[in-house]
Amino acid sequence: MTAKPPLTVLLAGPRGFCAGVDRAIRIVEEALRQHGAPVYVRHEIVHNRFVVESLERQGAVFVEELFEIPEAHRDRPVIFSAHGVPKSVPAEARQRKMFALDATCPLVSKVHRETERHHARGHHILLIGHEGHPEVIGTMGQLPPGAITLVENAEQARRVAPPPGASLAFTTQTTLSVDDTAEIVSILRERFPTIEAPAKEDICYATTNRQAAVKAVAARAQLVIVVGAQNSSNSVRLREVAERAGCPRAVLVPRGAALDPAVADGLSTVGVTAGASAPEVLVEEVLDRLRERFAVTVEEVTVAVEDVVFRLPRGLAAD
């Protein structure tokens, strides 16, 4: 029997679940434990099919809009996803007399409150983020139409035209590329020297740490494998960051079954990380898939240790 070729896997740390994702999943699980099935969730609780399907098996029902919940089930818990929602959504839930639980990540809620404060002070807000992402939709939905202008990239930052004479402030989506956002902010500051910045960085600690970890791995790897969903902003950013950090190639896979281990043929060192909504079991799947073809040696590359924990919302605290 031919010996398997050796392969060093650099395992990025931190990786995988952040405190906001962990909290959101615990909210669904605790609601099911306390109230039984079904429990309704508006939008994917986090952007990961493995997580969503696991919760569905426990009795969670995912809908895109509240009107999809049957009239007979209006008394069942309905949970808002970790990405946050426009103010119109909880208002609709109150109007329909629903029992709503908000799983919005507290760091996203911080951005919501920040935009409200800027608006109350008369600022027009430039929101750095990706059009159509649930978090951006939720943040823009905190204020009246026209109060926020979205800026997606450096090119838009160079030509954005806010209302004439308006005082300006900027906020950002929490899951952006740290480097891309710094470039956009630099352009906005140059164009609008008096623009007000967030009191504290809006890009969350978990996004920042995972991007720093993937940079450390990418500097030594010939390939980086990112475990995460295609619709997960922070996972997509990790793949981009790995390539920009000098890794010849980076791929995004949802789980081990989707990975062709032959992608590492001829390589000696591969990096592996996971987006903030990807559970560790999916990382283990990828490692097992690589072990089918290679004699794998795992080396942990840790740039930060995270100990953040967010409490469950009032009315759902665990016994």
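Bear in mind these aren't lab numbers, they're just calculated from the coordinates by the rules spelled out. On a predicted model such as this, the values are computed, not experimentally measured, just so you know. Cβ sites come from the backbone with ideal geometry, for glycine too, and all protein chains shown count toward neighbours.
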Exercise. Which of the peptides 31-41, 12-22, 141-151 is most tightly packed, and how do the rest follow, going by the mean number of other Cβ atoms within 10 Å of each residue?
Worked result: 12-22, 31-41, 141-151
For this session: Hand me the trypsin sites (Lys or Arg not before Pro) from segment 92-168 located in a DSSP loop with no more than 14 other Cβ atoms within 10 Å, in residue order please.
Result: Arg96, Lys97, Arg121
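What's the longest piece of the chain with no exposed GluC sites (Glu not before Pro), counting a site as exposed if DSSP puts it in a loop and it has at most 15 other beta carbons within 10 Å?
It runs 202-291.
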Problem set entry | Cα coordinate range in segment 6-154, projected on the principal axes (Å, largest first) | 59, 46, 21
For this session: Could you list the trypsin sites (Lys or Arg not before Pro) in segment 170-231 that lie in coil according to DSSP, counting only those with at most 12 other Cβ atoms within 10 Å of their Cβ?
Result: Lys200
Problem set entry | Positive-pole candidate from Val89, Val21, Val296, dipole of the chain, charges at beta carbon | Val89
Exercise. Give me the Kirkwood hydrodynamic radius of segment 19-105 in Å, from all C-alpha pairs, to one decimal place?
Worked result: 12.6
For this session: Go through Leu168, Ile137, Thr149 and say which Cα lies farthest out towards the positive end of the charge dipole of segment 107-191; charges sit on Cβ, +1 for Lys and Arg, -1 for Asp and Glu.
Result: Leu168
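Treating only the Cβ of Lys, Arg, Asp and Glu as charged (+1, +1, -1, -1), what charge dipole size does the chain show about its Cα centre? Round to the nearest 20 debye.
Approximately 420 debye in magnitude.
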For this session: State the three equivalent ellipsoid semi-axes of segment 146-212, derived from the C-alpha gyration tensor as the square roots of 5 times its eigenvalues, in descending order and whole Å.
Result: 22, 12, 11
Exercise. If you take the beta carbon distance between Thr208 and Arg57 as r and set R0 to 25 Å, what does 1/(1 + (r/R0)^6) give as a FRET efficiency, to the nearest 0.05?
Worked result: 0.15
For this session: Return, for the Cα atoms of segment 178-319, the radius of gyration and Dmax in Å, separated by a comma.
Result: 17.9, 57
Seminar exercise, completed: Per the Kirkwood formula over distinct C-alpha pairs, the hydrodynamic radius of segment 230-302 in angstrom is 13.0
Exercise. If one computes P(r) from the Cα atoms of segment 107-191, what percent of pairs lie at distances over 22 Å?
Worked result: 17
Exercise. Does anything in segment 47-79 have its amide N under 16 Å from the 7 Å Cα→Cβ label point of Leu312, and if so which residues?
Worked result: 59-60, 77-79
Problem set entry | 33 Å tail of the calculated P(r), the chain, as % of Cα pairs | 32
For this session: Please list, in chain and number order, the residues 5+ apart from Glu196 or on another chain whose amide H is under 5 Å from its amide H, with Hs placed from the backbone.
Result: Leu168, Ala169, Phe170
Exercise. Each residue of segment 138-148 in turn: what ³J(HN,Hα) in whole Hz from Karplus with 6.51, -1.76, 1.60 and θ = phi - 60°, glycine and Pro shown as x?
Worked result: x, 5, 5, x, 7, 10, x, x, x, 7, 10
Problem set entry | Mean separation of Cα contacts under 8 Å (6+ apart) over length of the chain, as relative contact order % | 26
